[in-house]
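The values are calculated or read from the model by the stated rules, or taken from the named source; none is laboratory data. This one's a predicted model, so the numbers in the text were calculated from it and none came from an experiment. As a convention, Cβ positions derive from the backbone with ideal geometry for all residues, glycine included, and neighbour counts pool all protein chains shown. Side chains are part of the model used for accessible areas, which takes the heavy atoms of the whole protein and leaves out ligands, DNA and RNA. Shrake-Rupley method; radii C 1.70, N 1.55, O 1.52, S 1.80 Å.
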Amino acid sequence: MASLRDIKNSINATKKMSQITKAMEMTSAAKWNRGVMNAKAFVPYMEKIQEVTAAIAIGSKGINHPMLQARPVKKTGYIVMASDRGLAGAFNSNVLRRVYQAIQERHKSNDEFAIIAIGRVVRDFFVKRGINVALEIIGVSDQPSFADIKDMTSSTVGMFADGTFDELYVYYNHYISAISQEVTEKKLLPLTDITPSGKLTSYEFEPSAEEILEVLLPQYAESLIFGALLDSKASEHAARMTAMRNATDNAKEMIKNYSLIYNRARQAAITQEIAEIVGGAAALE
């Protein structure tokens with residue numbers, strides 16, 4: 001049985017750990033609140049650019065833009081979003097498990113696909129398994145701006161345009177609530193299923209529809225990636241906040257159990273000392 005000193009040291013160490021996890025929970029809560037606001041603020045822009053893109057792509061006849069047409073798939077690109085560190089519950093493992101299962105089901109060779117990794121955990125996961133990581137971004141801000149990933153999004157869309165990839169998927173954790181995040185798969189390119197959020201609006205545009213889509217479609221695809229990143233960051237902060245709250249609650253439960261053991265051991269020690277004193281006094285009589 002552990003000594004009283006050992007039990008007391010365990011109680012103190014657990015108390016210090018609970019203070020750390022509580023501080024991390026409060027920090028994540030602040031980041032979560034701002035992350036949710038960022039994700040929601042981006043929704044009107046996404047809806048509008050989707051509406052305009054759909055109106056031009058669907059409303060104009062005879063448009064044969066490469067980003068709107070499916071082609072034989074020789075190589076697939078997977079944009080995978082996670083975090084740079086752990087301590088976020090199942091946030092990282094859920095999305096990595098989902099994309100890895102999809103890869104195993106769809107491909108027989110590593111030459112048939114490549115990974116675009118956003119987050120150190122994603123990069124390390126696939127590099128460890130010998131899977132090609134074509135692009136990577138590490139150290140994305142907790143409250144990212146489009147400038148943080150502009151080069152990556154431009155390069156990724158460019159890889160589809162030049163034929164490096166014939167299709168692109170994005171995997172991330174979609175934010176539902178503070179305690180619920182859902183791993184989501186979206187087909188990013190080609191844009192074969194652009195649908196307006198409401199009734200199609202008729203636009204008058206100048207110059208031609210083809211020239212407008214030449215600029216608009218890459219921007220739309222890049223905005224889809226950025227929107228997914230904002231969603232993923234909100235989910236990460238929520239998952240980290242929940243994980244730290246659970247860790248704090250577990251620490252409190254451990255302190256409670258340790259205190260019970262400590263009190264029992266202390267009571268047993270006192271009882272033994274009293275018995276020894278009584279026994280010694282009886283021997284002197």
Max mean-square fluctuation residue, GNM over the chain, Cα-Cα springs under 10 Å, options ALA70, ALA275, ALA228: ALA275
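Could you check what % of the DSSP bridge pairs in segment 36-146 are antiparallel, to the nearest 5? Could you put the intermediate results ahead of the total?
Numbers: 0 of 10 bridges.
Restricted to segment 36-146, the bridges split so that about 0 percent are antiparallel.
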Toward the positive end of the charge dipole of segment 151-285, about the Cα centre and with charges on Cβ (Lys, Arg +1; Asp, Glu -1), which of ALA209, ALA221, ASN173 goes farthest? ASN173
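Using Cα pairs under 8 angstrom and six or more residues apart, how large is the relative contact order of segment 1-149, in percent? Kindly include the intermediate steps, with their values, before the conclusion.
Numbers: 110 pairs, mean separation 30.5, N = 149.
It comes to 20 percent, rounded to a whole number.
Just to confirm, what accessible area per residue do you get for segment 210-263 at 1.4 Å probe, in whole Å²? Kindly include the intermediate steps, with their values, before the conclusion.
Details: 2210 Å² over 54 residues.
On a per-residue basis, 41 Å².
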Efficiency by 1/(1 + (r/R0)^6): what FRET value for GLU276 and LYS8, r their Cβ-Cβ distance, R0 = 25 Å, to the nearest 0.05? 0.65
As a percent rounded to 5, the proportion of antiparallel DSSP bridges among beta bridges in the chain is 40
Take every Cα pair under 8 Å in the chain that's 6+ residues apart, average their separations, divide by the length, and report that relative contact order as a whole percent. 34
Please list, ordered by chain and number, the residues whose modelled amide H lies under 5 Å from the amide H of GLU167; skip anything fewer than 5 residues away on the same chain. LYS75, GLY77
Trypsin sites (Lys or Arg not before Pro) within segment 96-134, DSSP loop, no more than 16 other Cβ atoms inside 10 Å: LYS108, ARG129
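Run the accessible area of segment 1-138 with a 1.4 Å probe and give the carbon-and-sulfur part as a rounded percent. Don't skip to the answer; put the middle values down first.
Numbers: 4210 of 7870 Å².
Carbon and sulfur: 54 percent of the exposed surface of segment 1-138.
Could you do me a favour and compute the accessible area per residue for segment 6-77, 1.4 Å probe, result in Å²?
Numbers: 4350 Å² over 72 residues.
For segment 6-77, the solvent-accessible area averages 60 Å² per residue.
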With axes computed from alpha carbons, what is the tilt in degrees of helix 4-59 against the longest principal axis of the chain, rounded to the nearest 10 within 0 to 90? 10
Along the charge dipole of segment 118-244, pointing to its positive end and built from +1/-1 on Cβ of Lys, Arg, Asp and Glu, which listed residue (PHE160, GLY139, THR242) has its Cα farthest out? THR242
